[in-house]
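The structure under discussion appears below in the form of structure tokens.
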Amino acid sequence: MNYRGSKRRIAKYILPIMLEKRLEGQCWVEPFVGGANLIDKVGGWRIGNDNNFYLIELFKAIQNGWTPPEECSEEEYNHIKRNKDSYPPCLVGFIGFGCAFGGAFMSGYARDKNPIIEKRQNYCLCAKNNILKQKENIIGVQFHHGDYKDLKIPNKSLIYCDPPYEGTGKYSTSKSFNHNEFWQWCRDKKSEGHTVFVSEQNAPDDFECVKEIELKTHITKTVHHIERLFTLA
């Protein structure tokens, strides 16, 4: 699913590194599952958590056979945005991400940059097609909604974290993400016997960078930003 910060583009680079460390029968846990663009490429026992209630309800509905709409006008989008409690949570999640600018929840109605383009892209239909393509690959994922610190993690799991990057904004509408607290949580999980990996641009000195990827624009081929995968030795 289109989701701001998605790791879809780099999955082929970072997944083999983590899967090499995954033991047979080991649970794969993503406390920040986002658009499920990594967990849908992993098999076996999987848990995906996110602090966005509507996102998790969307994935649960897709698992249970719900079919998203193909059309959503700007007027409908804005009405849903202002009246979330009046609509099914799965629809709010779908419209909130799939029809939003840049895949950021309720960030603004997605539209083509060129106002005089003859055939406008149907972002709602694209979002529907994309998430339905994921359906078979997320069957069996145990989806949970809540703060990452409250997630119950099975013993000796492999935990992959894709938290909000430092300096990129809010964790939720009500509070900032505490990065120092997060890194200590990772250390605690490691000491409990879990295998921990983290996607970020930078990390504390006791975290080892095991992969660095330069992401480039499709037009200029200039470096856009650096993605890094870290772990605790």
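Computed from the coordinates by the stated procedures, all read-outs in this text should not be read as laboratory data. Please read all numbers here as calculations on a predicted model, not as lab measurements. Heads up, the Cβs are rebuilt from the backbone with ideal geometry, glycines too, and the neighbour counts pull from every protein chain shown.
A compact table of results
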{"item": "Length released on extending from E166 to S86, taking residue separation times 0.36 nm less the Cα-Cα span", "result": "25.4 nm"}
{"item": "Nearby aspartates and glutamates by direct alpha-carbon distance to K7 (threshold 16 angstrom, same-chain neighbours under 8 apart not counted)", "result": "E30, D40, D50, D162, E200, E212, E214, E227"}
{"item": "Subset of K84/K133; K81/K156; K133/K211 violating a 30 Å alpha-carbon distance limit", "result": "K81/K156"}
{"item": "S107 paired with Q184, simple spin-label distance in nm, labels 7 Å along Cα-to-beta-carbon", "result": "3.1 nm"}
{"item": "Residue-count net charge about E136 - beta-carbon cut-off 14 Å; Lys, Arg +1, Asp, Glu -1", "result": "+3"}
{"item": "Normalised contact order of the stretch 8-232, rounded percent, pairs of Cα under 8 Å and 6 or more residues apart", "result": "21 percent"}
{"item": "Fraction of the pair-distance distribution of the chain above 27 Å, Cα-Cα pairs, percent", "result": "37 percent"}
{"item": "Of K149/K190; K60/K128; K60/K189; K60/K190, pairs whose Cα-Cα distance is over 20 Å", "result": "K60/K189; K60/K190"}
{"item": "From phi via Karplus (6.51, -1.76, 1.60), per-residue ³J(HN,Hα) for the stretch 104-110 in Hz, x at Gly/Pro", "result": "9, 3, 6, 7, x, 5, 6"}
{"item": "Net dipole in debye of the stretch 1-151 [+1 Lys, Arg Cβ; -1 Asp, Glu Cβ; about Cα centre; nearest 20]", "result": "500 debye"}
{"item": "Formal net charge of residues neighbouring H79 (Cβ-Cβ distance under 15 Å; K, R +1; D, E -1)", "result": "-2"}
{"item": "Which of Y109, Y13 has the fewest Cβ neighbours within 10 Å, and the rest in rising order", "result": "Y13, Y109"}
{"item": "Pairwise label distance in nanometres, L132 with S191, each label 7 Å out on the Cα-Cβ vector", "result": "5.0 nm"}
{"item": "Radius 10 Å from Cβ of C90, net charge of other residues (Lys, Arg +1; Asp, Glu -1)", "result": "0"}
{"item": "Order of H144, H79 - criterion: other Cβ atoms within 10 Å of each residue's Cβ, fewest first", "result": "H79, H144"}
{"item": "Beta bridges per DSSP with both ends in the chain, % antiparallel, nearest 5", "result": "50 percent"}
{"item": "The stretch 3-65: GluC sites (Glu not before Pro) falling in loop per DSSP and having at most 13 other Cβ within 10 Å", "result": "E24"}
{"item": "Helical contribution to [θ] at 222 nm, DSSP H n ≥ 4, -39,500 (n - 2.57), averaged over the chain, rounded to 500", "result": "-9500 deg cm²/dmol"}
